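Below: the structure, in structure tokens.
The values are calculated or read from the model by the stated rules, or taken from the named source; none is laboratory data. Computed from a prediction, not measured in an experiment: that's the story for all the values here. A quick note on method: Cβ atoms are made from the backbone with ideal geometry, for glycine too, and the neighbour counts reach across all protein chains shown. Side chains are part of the model used for accessible areas, which takes the heavy atoms of the whole protein and leaves out ligands, DNA and RNA. Shrake-Rupley method; radii C 1.70, N 1.55, O 1.52, S 1.80 Å.
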Amino acid sequence: MNFKVLYKDGAARRGVLETAHGQIDTPVFMPVGTQATVKTVSPDEVRDTGAQIILGNTYHLYLRPGHKLIQKAGGLHQFMNWDRSILTDSGGFQVFSLGPMRKITDEGVRFKSHLDGSFHMFTPEKVMEIEMALGADIAMCFDECAPYPAEYKEVVKAMERTTAWAKRCQESHQHPYQSLFGIIQGGVFPDLRRESARQIQDLDFPGYGIGGLSVGEPKPMMYEMLEVLEPLMDVNKPRYLMGVGSPDCLFEGVERGIDMFDCVLPTRIARNGTVFVPEGKLVIRNAEYAEDFRPIDENCQCYTCRNFGRGYIRHLLKANEVLGIRLTTIHNLHFLQTLMASIRQAIEVGRFCELKREFFKKYQP
RNA sequence: GGAGGGGUUCCCGAGUGGCCAAAGGGGGCAGACUGUAAAUCUGUUGUCGACGACUUCGAUGGUUCGAAUCCAUCUCCCUCCA
């Protein structure tokens with residue numbers, strides 16, 4: 001994997017990330033395809049929204065259909081017929097979000113499957129075995145994501161474990177083209193963030209995730225953590241803010257030097273009847289759009305906006321027709337991809353701040 | 001023509017004397033959603049000058065301190081027999 005920063009505008013960076021499956025222009029937004037699919041849309045449709053790389057998930061794919069099966073299929077790319085880049089998350093976040101169904105020790109995490117209640121053990125070594133079998137272009141280290149709020153001591157523990165596990169991941173990771181990213185933890189404590197950044201970067205990964213943010217803390221707190229990290233991070237490596245993807249947060253992240261983002265937000269809220277527009281979020285399932293036959297966004301070039309009106313989309317959603325959530329999903333993904341493209345373009349010409357100002361003049365988070 | 005069963009708030013449906021403006025589900029309306037246990041979850045859903053009042057359980061009349069619940073008549077629907 002190769003990464004190069006082409007332009008800088010303040011702390012904002014415009015770069016190129018090369019993987020075995022192509023070139024990725026950064027800053028980039030990565031749609032989430034947890035179970036080897038971006039929910040409800042086909043790979044062609046995902047590609048047409050402008051996505052250059054998507055996510056898959058170790059935890060889910062290990063439980064079903066099983067990483068060995070995917071390996072037999074020729075790897076995740078072939079299995080799901082996605083020929084651009086893929087990044088797999090390690091399951092660290094599931095350990096966090098599945099809450100009481102797991103037990104964490106220094107060795108790893110013993111957890112109960114949410115599918116059938118069976119017990120499983122994830123260690124850094126096991127997670128590497130799974131991620132290598134999946135064969136994504138980028139694999140994430142197995143980390144421990146501390147919740148918010150959390151006691152200082154608890155966050156220290158998670159941070160130290162994350163470092164120890166990162167070492168073990170690194171030692172057991174070996175793959176012809178897959179890159180392994182480290183993950184920086186440290187909750188909302190500046191000193192722990194600094195310490196984690198130091199520890200993880202000492203291991204020298206080809207890229208770094210910033211984890212444990214956007215887990216319920218106020219946004220300014222997240223931005224503060226990014227500001228703490230920005231000057232400490234290797235300028236030649238991609239920085240990935242994990243789990244962030246609301247339009248306003250994308251701007252704030254890029255402004256603080258982030259190169260990569262992923263988030264379920266656009267696809268999830270799409271399925272729940274909300275779409276992004278330049279003014280903010282529009283709950284298209286609401287009654288006020290029943291007789292509104294304009295596109296979601298008149299200036300949007302996505303398949304949905306070129307072909308359908310709000311009233312029709314609302315009807316599909318109310319009638320529980322799958323096309324409804326497919327159309328809103330396509331629009332939301334396209335919206336974020338277009339937004340990122342405009343951000344990249346603005347950085348190239350040194351107009352990021354203006355673009356951000358213009359954007360927030362309209363956009364109400 | 002005879003025998004039986006039934007009409008409940010937008011819909012389906014529980015409720016057989018007070019704890020019932022009436023369970024539950026659907027539908028409607030709204031809110032939430034940030035490394036996906038999510039096409040999920042939460043709230044709300046008679047009216048009003050609303051910590052109270054008023055109207056509502058096919059219609060009308062009655063019994064009772066009190067009726068969606070008991071009685072009478074009417075009306076409509078369903079099933080079976082002729």
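Solvent-free Debye calculation, one equal scatterer per alpha-carbon of the stretch A:154-221: log10 I(q)/I(0) at 0.18 Å⁻¹ equals -0.66. The residues of chain A expose, per residue, 42 Å² of accessible area to a 1.4 Å probe. Measuring between alpha carbons in the structure, the pairs from A:4/A:167; A:68/A:167; A:39/A:281; A:39/A:361; A:237/A:362 lying more than 27 angstrom apart are A:39/A:361; A:237/A:362. Net charge dipole, chain A: roughly 640 debye, given to the nearest 20, about the Cα centre with Cβ charges of +1 for Lys and Arg and -1 for Asp and Glu. Residue A:308 sits among other residues whose Cβ lies under 13 Å from its own Cβ, and their net charge, with Lys and Arg +1 and Asp and Glu -1, is +1. Listed by chain and number, the aspartates and glutamates whose alpha-carbon sits under 18 Å from that of residue A:72, ignoring those within fewer than 8 places in the same chain, are A:83, A:129, A:131, A:137. For a test of the definition: using alpha carbon positions, the gyration tensor, and the 1.5 limit on a/c, classify the stretch A:1-68 as rounded, prolate or oblate. Verdict is prolate for the stretch A:1-68. Here the accessible area is traced with a 1.4 Å probe on the protein chains. For the stretch A:11-137, carbon and sulfur cover 49 percent of it. Charged side chains reduced to their Cβ positions (Lys and Arg at +1, Asp and Glu at -1) give the stretch A:31-94 a dipole of some 280 debye around its Cα centre.
Coupling constants for the stretch A:116-133 follow from the phi torsions by the Karplus curve (6.51 cos²θ - 1.76 cosθ + 1.60, θ = phi - 60°), and in residue order they are 9, x, 5, 8, 9, 10, 9, 10, x, 5, 5, 4, 5, 4, 5, 5, 5, 5 Hz; glycine and proline get x.
Each residue of the stretch A:76-91 was assigned a 3J(HN,Hα) from its phi angle through the Karplus curve 6.51 cos²θ - 1.76 cosθ + 1.60 (θ = phi - 60°); the sequence is 4, 4, 5, 3, 9, 6, 10, 9, 8, 6, 9, 10, 9, 7, 8, x Hz, with glycine and proline shown as x. Could you give the angle, 0 to 90 degrees to the nearest 10, between helix A:152-172's Cα long axis and the longest principal axis of the Cα atoms of chain A? Between helix and principal axis, roughly 80 degrees. Counting charges near residue A:119 (Lys, Arg +1; Asp, Glu -1) among other residues having Cβ under 12 Å from its Cβ returns a value of +3. Computed extension length for residue A:64-residue A:320: 89.5 nm, one decimal, from 0.36 nm per residue of separation with the Cα-Cα distance subtracted.
Net charge of the neighbourhood of residue A:225, taken over other residues with C-beta under 13 Å away and scored Lys/Arg +1, Asp/Glu -1, is -2. Overall, the anisotropy analysis places the stretch A:242-359 in the prolate class: the square-rooted eigenvalues a ≥ b ≥ c of its C-alpha gyration tensor yield a/c not less than 1.5, with a/b exceeding b/c. Under 19 Å from a label point 7 Å along Cα→Cβ of residue A:71: give me every residue in the stretch A:87-111 with its amide N that close. Inside the label zone: A:87-91. Using a simple spin-label model with pseudo-atoms 7 Å out from Cα toward Cβ, residue A:37 and residue A:172 lie 3.1 nm apart.
Post the alpha-carbon centroid distance, the stretch A:17-80 to the stretch A:207-252, in whole angstrom. Using only Cα atoms, the two centres lie 22 Å from each other. Please label the shape of the stretch A:176-270 as rounded, prolate or oblate, based on the square roots a ≥ b ≥ c of the eigenvalues of the alpha-carbon gyration tensor (a/c under 1.5 means rounded; beyond that, a/b larger than b/c means prolate, else oblate). Judged from the Cα gyration tensor, the stretch A:176-270 comes out oblate (a/c at least 1.5, b/c at or above a/b).
Only alpha carbons enter this Debye calculation for chain A, each as an equal point scatterer, and the log10 of I(q)/I(0) it gives at q = 0.09, 0.14 Å⁻¹ is -0.49, -1.20. Note on residue A:272 and residue A:248: the extension gain reaches 6.6 nm, defined as 0.36 nm multiplied by sequence separation minus the Cα-Cα distance.
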